[in-house]
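Participant: Here it is: the structure, laid out below.
The values are calculated or read from the model by the stated rules, or taken from the named source; none is laboratory data. The structure presented is a predicted model; accordingly, all values stated were derived computationally and were not measured. Because the Cβ atoms are built from the backbone with ideal geometry, glycine has one as well, and the counts that use them run over all protein chains shown. Keep in mind that these areas ignore ligands, DNA and RNA; they rest on the heavy atoms of the full protein, side chains included. Shrake-Rupley method; radii C 1.70, N 1.55, O 1.52, S 1.80 Å.
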Protein chains: 2
Amino acid sequence: MYYQVISQCTQALKNLEAWLDKAEQHTAAKKFDVSVLMTSRLAPDMKDFIYQVQSACDYVKAAAAWLSGQTSPKHEDNERTIDELRAHIGKTVAFAESVTEPQYASASERKVTLSWAPGKVIGGEDYLLQVTVPNIFFHLTTAYAILRHNGVDVGKMDFLGPMKFVDA
Amino acid sequence: MYYQVISQCTQALKNLEAWLDKAEQHTAAKKFDVSVLMTSRLAPDMKDFIYQVQSACDYVKAAAAWLSGQTSPKHEDNERTIDELRAHIGKTVAFAESVTEPQYASASERKVTLSWAPGKVIGGEDYLLQVTVPNIFFHLTTAYAILRHNGVDVGKMDFLGPMKFVDA
């Protein structure tokens, strides 16, 4: 399931492209700079839009790396503009998509260390389902909510992205 | 993976209990009625807190039912108070936890119909990863964001809930 779950999380990052386009259209129509949205927050002690996207990217990148036995590539997380953020997403997607299904063969046996849990490890499956998936969707939904709260016309289908429905 | 993924989504619903407790503590300290939070929204054309929780419950219940070959039990979604909402979560968790791992044996071969995609079906794996998981975490994160935006002291660990870390 590792390949399938991480592929779906990678698709969730790709869905961001449509939100960023709508953010730009909204700010152009309303005549304010898109950087206002990039640095908006839902509460003063929550992180801003750029951080939420970086964080979602980090969890995708880390899962693809650690669960396939690689060291997670270092991304600087120093983006300040929407185009830098697009490049960051693109770099993350490219890395995640470079990992092939056979590379996850030993994912269940791996132990993962997290910077915020010093001295501890978590098994591959628990890492995927208890850490990776909830964090990715937490940060993506928070990013979406920042745009939506500020009037950008994103909708649920922009969040969900493509789904493989077929004729009944 | 169906049992594991749905179990984790069910745990995510259980994590709500701590948020509801903190919402009550916050409103007691600030001397306003908790129903204000239950009916708060992040944007005028978004749904309120109660709906977000009901919707997360619905996606858990539906996945547990359809992927195990059962008809999804009908829950009325008519809750208006925090205690009614607690009961709704409890009923959903009880149903999801009543489904055993062997009952998901044919999940991959199942075709699921959704009310918002008439005339279409989606296969079990795509339903789980493209519909169930993103929707559950979307609605839970939106519920969390409504509380957080309104000053309730919920934190990321309340969102993530228990994780199976062990000593390194």
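Participant: Which value, in square angstrom to the nearest 100, describes the accessible area buried between chains A and B on both sides, using a 1.4 angstrom probe?
Facilitator: Between A and B, the summed buried area is about 4100 Å².
Participant: Over chain B, what is the relative contact order in percent, taking alpha-carbon pairs closer than 8 angstrom and at least six residues apart?
Facilitator: Over chain B, the number comes to 34 percent.
Participant: Another question, if that's okay. What residues of the range A:112-126 lose no less than 40 Å² of accessible area with every protein chain in place versus their chain by itself (probe 1.4 Å, heavy atoms only)?
Facilitator: Listed in order, they are A:Trp116, A:Lys120, A:Val121.
Participant: With the cut-off at 30 Å, tell me which of the pairs A:Lys156/B:Lys30; A:Lys47/B:Lys31; A:Lys164/B:Lys61; A:Lys74/B:Lys156; A:Lys156/B:Lys74 have Cα atoms farther apart than that.
Facilitator: Cα-Cα > 30 Å for A:Lys156/B:Lys30; rest within.
Participant: Let me ask something else about it. Hey, if you put +1 on the Cβ of every Lys and Arg and -1 on every Asp and Glu Cβ in the range A:20-106, which of A:Ser98, A:Ala56, A:Met38 ends up farthest toward the positive end of that dipole?
Facilitator: A:Met38
Participant: Can I ask one more? When ligands, DNA and RNA are left out and all protein chains stay put, how many square angstrom of accessible area per residue does the range A:18-134 have with a 1.4 Å probe?
Facilitator: It amounts to 46 Å² per residue over the range A:18-134.
Participant: Now for a separate question. Taking the 0 to 90 degree range and rounding to the nearest ten, how far is the long axis of helix A:82-98 tilted relative to the main principal axis of chain A, both from C-alpha atoms?
Facilitator: In chain A, helix A:82-98 runs at an angle near 20 degrees to the longest axis.
Participant: Only sites in a loop by DSSP and with at most 10 other Cβ atoms within 10 Å count here; which trypsin sites (Lys or Arg not before Pro) in the range A:11-40 make the cut?
Facilitator: Filter output for the range A:11-40: A:Lys31.
Participant: Separate question: May I ask you to list the chymotrypsin sites (Phe, Trp or Tyr not before Pro) in the range A:70-146 that are in a DSSP loop and have at most 14 other Cβ atoms within 10 Å of their Cβ?
Facilitator: Answer in residue order: A:Trp116.
Participant: Expressed as an acute angle from 0 to 90° and rounded to the nearest 10, what is the orientation of the C-alpha long axis of helix A:49-66 relative to the principal long axis of chain A?
Facilitator: The answer is roughly 20 degrees.
Participant: Which value, in Å³ per residue, describes the convex hull spanned by the Cα atoms of chain A?
Facilitator: Considering the Cα atoms of chain A, their hull volume per residue is 132 Å³.
Participant: Got a sec to turn the phi values of the range A:163-168 into Karplus ³J(HN,Hα) couplings, 6.51 cos²θ - 1.76 cosθ + 1.60 with θ = phi - 60°, whole Hz, x for Gly and Pro?
Facilitator: 10, 7, 6, 10, 4, 5
Participant: Of B:Ser115, B:Leu67, B:Leu128, which is farthest on the positive side of the dipole of the range B:40-140, counting Cα position, with +1 on Lys and Arg Cβ, -1 on Asp and Glu Cβ, and the Cα centre as origin?
Facilitator: With unit charges placed on the Cβ atoms, the residue in question is B:Ser115.
Participant: OK, next. Residue-wise, which Karplus ³J(HN,Hα) couplings in Hz belong to the range B:23-30, taking 6.51 cos²θ - 1.76 cosθ + 1.60, θ = phi - 60°, and x for glycine or proline?
Facilitator: Values per residue, Gly and Pro as x: 5, 5, 4, 5, 6, 5, 5, 8 Hz.
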